[in-house]
Amino acid sequence: MLAGGISSFSICHAADDLLVPTADSASALFLKVQITNTPKLSSMKPGDGVDGFLSNDVYSGNQKLFPAGSTVKLIVDHLEKRKRPANDHWPWIVRAFTPRHIAFPVIKNANIIVGQQDSYPLHVSLLSDNRTRNLRAPPNKNKNVRQDNMVSRENSRENSIASTWIFEADNTNAVGSALDFSSQIAGAESDSAAPESIPAGTHCKVLLITPLSASKSRAEDIVSARLLEPLFVNSRAVLPAGTLLTGKVLTQTPPRRLSRAGSLHFTFSQVTLPQGMQLPIFASIARAQVDRRSHTRIDSEGALHGERPGKAWMAINLATTAGISKEADDGVQLLIEALLSTATDASTAGTARIVSSFVSGIYIATRHGRDVVLPAFTEIEVSLERSVPLRLPLKEQVADASRAPAK
C-alpha cells in the first residue's frame, strides 16, 4: 500500500541539465497528529471523538496542502485487536505476562480545519500511535556540517513527550486546499537561482517504512523510508515529498548475555524519485522519535545503542533470581530426602544451597540486555554526510549507483 501510494511526478530539465522536480498529481499523504485529549485506547468505543492538531506541514509532492497546527477531528469507527508493538522497556519476564494483543481504534475519516472555518474531509487509516520523545545524535566535530543544521545544546536536551498518531490519507478531497499554499513555494523558486547540489549536512525528515530491531534485523537487510516534506535548497524544492530513500543495515549486535544491550547501525545510500530517477547519497540518522519509555541512544556516527538496565530492570531480575533460588533449594532438599533416607539435614541443606546457587547464577548470567527497537512508521531525521550533485549526465549517475555497492 505504501510502496504504491506515492504517485509519479514530472522532472523538468533546465537548460544546464539541472534536475528540478515539480508535482503534478495527487499522492498518498502521511499525517502526523498530536492528540490533545489523549484517550486510553482500551476504553474507547465506536463513535468516540478524538481531537488533535497537525505536528508537521502536510505535502503532496512540492505542494503544501495543510500547515502545521491545523485542527484535526477524528471519529472512531470501531475497535480491533492488534499485536502489541515490541518495546525495550521491560525484561522478558514482564513481557511474558503482558497481553500479546491490544485494542486498536480503527479511524476511517478525519476533518482538517484550516483557519477558522475551512474544513477538509479525508479518508484516513491509522498506522501507529505512541507517546514519543525526541532522541538526537550529539554533534560530531569531524563532520562537514553546515552551521544552520548543527544541533544546538538546547535541542540536544529536547525530550518532549506527546501522544502522536501517524495516519496515511487519500488526498483526493484535499487537492483544492493546495492552491492556498503552493503559490508560496512557486514564488520562492522563481526568485532564487537553481542549486547545483544538495550540501553535506542537510537534514531531511523521513518516515521509516521498514521495522528495525537489534534482535531481528541482520547486516545487509534493506531499509526504506519516505520523505515527509520537500527538501529545499536556496528556497527551491529539489526533492519532493514522497521520495523513496533506501539503504541497508551496516552492523547489528543483538542483546547478549550478562545484560549487555544490543546496537544497530544503518544508513541510506540511494534516493529514488517518484518518476524512477535514482541518485546516490550517503545519509545517517540524526534524530528519531522513539517510544517515551525507550532506553535507546544515538551516537555521533548515527548508530543506535541500547542503554544499560536500570534499577527497575535489575530489581525484577534479582527478584526472579531469588525466587528461582528458593524453589531450587526446596526442590533439591525434597528430592534428596525422597531418594536417600539416610541423608542428614546438614548434608541435604548444603547440597541444596550449592544447586540453588548454581541455578540462580546461570539464570542471572544468561539475562540479555535491552533491545534497540524502531517500529515501522517511526519518524526519523537523516543527515547527508556528503553533498549530492544535481547536475546530469543522469545516465552515468544512475549507472554508477547501480554498479557501486552501498557504503
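We did not get these values from a lab; they are worked out from the coordinates using the rules stated. Being a predicted model, the structure only gives us computed values, none of them experimental. Reconstructed Cβ throughout: ideal geometry from the backbone, glycine too, with neighbour counts over all protein chains shown.
Checking the cross-link pairs Lys40/Lys205; Lys32/Lys311; Lys83/Lys248; Lys32/Lys216; Lys32/Lys73; Lys40/Lys73 against a 23 Å limit on the alpha carbon distance flags Lys40/Lys205; Lys32/Lys311; Lys83/Lys248; Lys32/Lys216 as lying beyond it. Across q = 0.16, 0.17, 0.19, 0.28 Å⁻¹, the range 94-134 modelled as identical point scatterers on its alpha-carbon atoms has Debye log10 I(q)/I(0) values of -0.68, -0.73, -0.81, -0.99, in the order of the q list.
Expressed in Å, the radius of gyration and Dmax of the Cα atoms of the range 222-334 are 22.3, 79. About the centre of its Cα atoms, the range 264-394 shows a dipole size close to 500 debye [charges on the beta carbon of Lys, Arg (+1) and Asp, Glu (-1) only; nearest 20 debye]. Distance between the C-alpha centres of the range 115-130 and the range 275-326: 31 Å, rounded to the whole angstrom.
For the range 311-365, a crude dipole built from +1 on the beta carbon of Lys and Arg and -1 on the beta carbon of Asp and Glu, taken about the Cα centre, is about 280 debye to the nearest 20. Across q = 0.12, 0.16, 0.24 Å⁻¹, the range 309-375 modelled as identical point scatterers on its alpha-carbon atoms has Debye log10 I(q)/I(0) values of -0.42, -0.61, -0.96, in the order of the q list. Annotation: amide H-H contacts under 5 Å for Ile281 (H modelled 1.01 Å from N, sequence separation of 5 or more, or interchain): Gln270, Val271. Spin-label model, Phe53/Ala365: points 7 Å from Cα along the beta carbon direction are separated by 5.7 nm. Bin by bin, in steps of 5 Å, what percent of the Cα pairs in the range 253-401 do you find, going until the bin that has the longest distance? Pair shares across the bins are 2, 8, 12, 12, 10, 9, 8, 7, 6, 6, 5, 4, 4, 3, 2, 2, 1, 0, 0.
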